[in-house]
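Structure first, then comments.
Read the figures in this text as sums done on the coordinates, not as results from a lab. As the structure is a computational prediction, the values presented were derived from the model and not from experiment. Using ideal geometry, Cβ is built from the backbone for each residue, glycine included, and neighbour counts are taken over all protein chains shown.
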Amino acid sequence: KERMLAIKELRKVLDDAQNSAPIHIFGRLSPVTSILYFLVGAEIFDGLSWLRNYCVGRHAHHILESYDNCGDVELSILDLRKKRMLSNLDFLESLSLRASEFCTTGDWSLLPDGELCKEIMSSINGGL
């Protein structure tokens with residue numbers, strides 16, 4: 001929560017100074033935290049977790065966790081990593097589109113765990 005409050009305050013300071021510099025978040029990202037950081041004002045996201053993990057819904061799983069359960073015994077670990085990284089790119093593209101649509105509509109159901117995000121944002125907004 002402290003990190004989100006700090007990002008929100010930084011965005012406010014930048015906006016008050018009419019500075020449109022983007023806020024860049026590096027590390028500790030998951031589908032839900034990425035959306036929450038976006039909602040408090042961050043705009044650029046990256047981190048190594050997207051290379052080590054793959055996203056399914058709101059959860060990030062380590063790439064090798066699914067090796068035994070992938071249903072594709074012929075896949076090498078390298079092939080599995082490629083498959084999961086492509087899946088992440090699809091996920092991130094979808095997440096970006098849903099976040100943009102949320103900005104227009106305010107429809108929380110567009111976001112991963114939208115109701116949880118709404119509750120957290122309500123708490124964050126009360127924290128400043």
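Want the number for Ala6 to Glu101: 0.36 nm per residue separation, take away the alpha-carbon distance, what's left?
Gain in length upon complete extension: 31.7 nm.
Which order do the peptides 87-94, 101-108, 37-44 take when ranked by the mean count of other beta-carbon atoms within 10 Å per residue, highest first?
Output ranking for 87-94, 101-108, 37-44: 37-44, 87-94, 101-108.
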